[in-house]
Amino acid sequence: MGARSGSTTLGFVLRAQPIRDADLIVTLFTQELGKISALARGARRSQRRFAGALGQLVVSTFELSRASPRAELWTLESATVEREWLELASEVAAVAHASYALELVRELLPSETPEPEAFALMVDLWESLRSGVSTASLRHVELRLLSLAGTPPALESCAACGAQLLPEEPCLFDPARGGAICAACAPHSRGAGARPFSAQARRYLMAIAAAADVAAARELVRPHEPDAADRGAARDAMLAMIRVLVPHPLKTVEFIAKLNQAGG
Ligand SMILES: [Zn+2]
């Protein structure tokens with residue numbers, strides 16, 4: 001028998017799936033190891049076994065081991081809550097935004113690849129949700145995660161020819177080609193996902209992309225937030241970009257859309 005290898009790291013749960021009578025398979029996002037899967041023995045039989053550390057909106061210290069360095073499935077030995085944002089759990093909109101961000105992390109980032117920036121981004125988002133939801137913050141999360149996934153959408157220059165776009169230049173957004181497309185390259189964008197992209201929507205996303213963090217994104221756009229049509233165009237452009245990487249529907253997107261309708 002080879003020696004078991006172990007790791008202790010901060011992390012949070014992306015997904016928990018029941019297995020057998022008493023156990024859970026948890027998808028964790030950890031600071032040291034990135035996204036991993038672990039078996040949480042007894043997690044369903046006893047609530048005390050992991051004492052709330054596998055719930056939503058908590059960061060925990062996870063003690064993990066695995067049979068060999070090549071084994072895909074870790075075993076969760078223990079978990080201890082370190083920080084929590086449980087007061088958000090009763091806020092429907094905050095839960096929707098947090099769940100959407102978790103789904104993006106789960107779908108966009110590769111397994112077993114440490115991504116401390118994404119870890120900090122989620123913590124920043126939860127912290128910021130204490131002041132209420134912000135669509136600008138959500139766009140910031142999308143832009144950061146798309147960058148970490150290796151596909152930052154082109155906004156300042158044409159995704160096809162690289163030409164710098166003028167501040168007022170109306171263009172197309174073509175997710176299949178990687179973002180904004182200048183007038184000269186537009187005739188070659190015939191894919192179903194290509195759509196008009198107003199200068200306002202593009203500048204809105206540029207400002208959000210340049211923000212230092214989630215809270216800054218919220219504050220930065222407040223004085224010159226574009227109208228609902230441009231905000232909608234910015235959202236649709238990001239969703240189209242994500243759809244190129246994640247071909248199946250995201251569960252949480254519809255949830256947020258319904259909330260937005262209810263809120264006018
Ligand atoms: Zn071009």
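The values are calculated or read from the model by the stated rules, or taken from the named source; none is laboratory data. Here the structure is a predicted model, which means the values were calculated and not measured. All Cβ positions, glycine included, derive from the backbone under ideal geometry; neighbour counts span all protein chains shown.
Here are some notes:
- Any hit, the stretch 58-76, residues being over 22 Å from Pro116 (Cα atoms), buried (at least 17 other Cβ atoms within 10 Å of the Cβ), outside the structural domain of Glu117 (by TED's automatic domain parsing) and not charged (D, E, K, R): no
- Residues in the stretch 162-175 that are more than 9 Å from the ligand (Cβ to nearest atom), in a loop (DSSP other than H, G, I, E, B) and loosely packed, with under 15 Cβ neighbours inside 10 Å: 3 in all.
- Residue tally, condition more than 25 Å from Pro249 (Cβ to Cβ), touching a strand residue (DSSP E or B) at 6+ places or on another chain (Cβ under 9 Å) and not aromatic (Phe, Trp, Tyr), over the stretch 60-112: 24
- Every condition in (1) crowded, with 20+ Cβ neighbours inside 10 Å; (2) in contact (Cβ under 8 Å) with a residue 40 or more places away in the chain holds for Ala159 except the one numbered (2).
- Looking at Ala154, Ala207, just one residue is away from the ligand (no atom under 16 Å from the Cβ), within 24 Å of Pro116 (Cα to Cα) and of a type outside the set (S, T, N, Q), and that residue is Ala207.
- Checking Ser189 against (1) hydroxyl-bearing (Ser, Thr, Tyr); (2) modelled with pLDDT of 95 or more; (3) over 28 Å from Ala96 (Cα atoms), the condition it does not meet: (2)
- Screening Ala180 with (1) of a type in the set (Gly, Ala, Ser); (2) within 12 Å of the ligand (Cβ to nearest atom); (3) in a loop (DSSP other than H, G, I, E, B) gives one miss only, at (3).
- Cβ-Cβ under 6 Å pairs, at least 6 apart or on other chains, the stretch 241-255 side outside the structural domain of Asp174 (by TED's automatic domain parsing), far side part of a helix (DSSP H, G or I) and not small (Gly, Ala, Ser): none
- Strands (runs of 3 or more DSSP E) within the stretch 1-110 that include 2 or more residues farther than 26 Å from Ser134 by Cα, modelled with pLDDT of 95 or more and among the basic types (Lys, Arg): none
- Residue within the stretch 142-155 that is more than 25 Å from the chain's Cα centre (by Cα), modelled with pLDDT of 95 or more, assigned to a strand (DSSP E or B) and over 30 Å from Thr9 (Cα atoms) present: no
- Any hit, the stretch 161-175, residues being at pLDDT 95 or above, small (Gly, Ala, Ser) and assigned by TED's automatic domain parsing to the domain that holds Glu127: yes
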